[in-house]
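What follows is one structure encoded as C-alpha cells, with my remarks underneath.
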Amino acid sequence: MRGWFVEEKGAARFTSDLSDPALRAGEMIVQVEAAAANFADRLLIDGKHQIRPRRPFVAGLEVAGIVVESDAVDHPVGSLVAGLVEPGSGSWAERCRCSPRGVIAVPPALDLVDVVAINLNAQTAWISLHHRARVEPGEIVVVHAAAGGVGTMAVQLAVAAGARVFATCSATKMATPQRLGAEVVVDNRSDDWHKILAEAAPDGVDVVIDPVGGDVFERSLKLLRFEGRLVSVGFTSGVLSSMPANYALVKNLSLMGVFWEPYAEQRRDVVDRAARKIFDLHRGDALDACVTVVDHMESALRRVDDVAAGRTTGKTVLVWGDRRLG
C-alpha cells in the first residue's frame, strides 16, 4: 500500500511498502478518496500535535472515502464517510482505519473533495458560532485568519446567520473573505489592524472567532463589547494566550474553546446537527467549499508545508489519481 510514513520526528517519506491497516472490532477500513493537508498535519509530523501516535506511523488526520471493510453497525461496506482517522493509521495512504466516533455519514450526492474541504472546518465554525457563541442576526462577528480553512467557513456561516462580518487576513488574501461576504477586511499584519476594526465598530464587537492566538487574541479582547464572546479554535501563531480575569469581570466577557474531537465523543448530537446544517447549506450553494488546491497524494509534504507557511487560502485537498487537479 502507498502512503506517507513518519519514522522520525519532523520527517515523512512516501513509500509503496506500507502494511494494510487491520480491521478492529467496531471500526472500519476506508478507501481514501480525498484527504486534507492541514496545519495540524505538519504539527503531527513534527511531534507537536496534541495527538502523538507512537512512531512509526502513517501521516494524515482528515479523510473522506468509501468503507471497504466494516465492523461498525452504522457504516456498512460501500457507505461514504468523512472525518478524522484513527491516529497513526493516517489518511495520507490508500486505505486507513477509522472509528465511528471520528466520522460522519456523507450523503451520496456530494463530491468527496468538497466534503473533506468543508466537513471538519465548517463543523468547527458552526459549533463556534451557533452552539458556543449563540450568534444572533445583526451582531458583529470578527473572523481572524479569514482566508484559511476554518476562517472561510466561519465567514460564510456568520453571513448565513445574518451577522455583520469583519475579517482579518494577510493583504494578499483579502479578496477571499470579501468574496464570501465580509463587510470589512483588514490586513492582520499591519500594526493598526485592531484600531481599524475599532473605528468600524465604535461600540465594540459581539463575537470573535480566533484560530491564531498570541497578539491577535490579546488585541481582540479589547474589541469586545459588553457580554462579548471570544471563541478560541487554535493557535497557529504558536503562542498560547489567556484572558485576564479583570477583562472578563468588567465587561462580563466569555472565553470559549472549540475542539471538534471531544464533541464527536461526548456531544454527538451537536456534531450531527452541525453536519446536517453545513451539508444543506452546501447543497443549496450557500456554502462554498473554498477548495483552492487539489493535488496528487505524492505531493502531500510539499503542500502541507505551503499550508503551514501561510502560502495558501481555503483548503488544500490530496487525492489519488487525477480527480479535479488544479
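A few comments on the model shown:
- Residue order for V185, V205, fewest other beta carbons within 10 angstrom first, comes to V205, V185.
- Between E136 and D280, the C-beta separation translates, for a Förster distance of 22 Å, into a calculated FRET efficiency of about 0.60.
- For the chain, size of Cβ-based charge dipole, Lys and Arg +1, Asp and Glu -1, in debye: 420 debye
- Gain in span if fully extended, R55 to D272, counting 0.36 nm per residue against the direct Cα distance: 74.9 nm
- Rel. contact order, % - alpha carbon contacts under 8 angstrom, at least six apart, segment 1-94: 34 percent
- Listed values for segment 34-44 are Karplus-derived 3J(HN,Hα) couplings in whole Hz (6.51 cos²θ - 1.76 cosθ + 1.60, θ = phi - 60°), namely 8, 9, 9, 10, 10, 3, 4, 5, 5, 4, 4, and x replaces Gly and Pro.
- Computed about its Cα centre, the charge dipole of segment 1-53 is approximately 200 debye, with only Lys, Arg, Asp and Glu carrying charge at their Cβ.
- Dividing the helix sum by the residues of the chain, where each DSSP H run of 4 or more adds -39500 (n - 2.57), gives a mean residue ellipticity at 222 nm of -8500 deg cm²/dmol.
- For segment 1-36, the list of trypsin sites (Lys or Arg not before Pro) that fall in a loop by DSSP and count at most 14 other C-beta atoms within 10 angstrom reads K9, R24.
- Among the listed values (1) 47; (2) 44; (3) 38, the one computed from these coordinates for percent of Cα pairs over 28 Å apart is (3).
- By DSSP, the beta bridges lying fully in the chain are antiparallel in about 50 percent of cases.
- In summary, the lysines within cross-link reach of K173, defined as a Cα separation below 21 angstrom excluding same-chain residues under 8 places away, comprise K195, K315.
- Eligible lysines near K48 by straight Cα distance, threshold 20 Å, same-chain separation 8 or greater: K9
- Label positions at F259 and E298, each projected 7 Å from the Cα along the C-beta direction, are separated by 3.7 nm.
- Partner lysines for K251 [C-alpha distance under 17 Å; skip if fewer than 8 residues away on the same chain]: K222
- Segment 127-204 and segment 227-241: distance between their alpha carbon centers, rounded to Å: 14 Å
- Relative contact order, percent, segment 120-261 [alpha-carbon distance under 8 Å, six or more residues apart]: 22 percent
- Counting 0.36 nm for each residue step from R225 to E199 and taking away their Cα separation leaves a gain of 8.0 nm.
Every number here is computed from the coordinates shown, using simple stated rules; none is lab data. Predicted model, so just to flag it, every value in this text is computed and none were measured. Note that each Cβ is placed from the backbone with ideal geometry, even for glycine, and that neighbours are counted across all protein chains shown.
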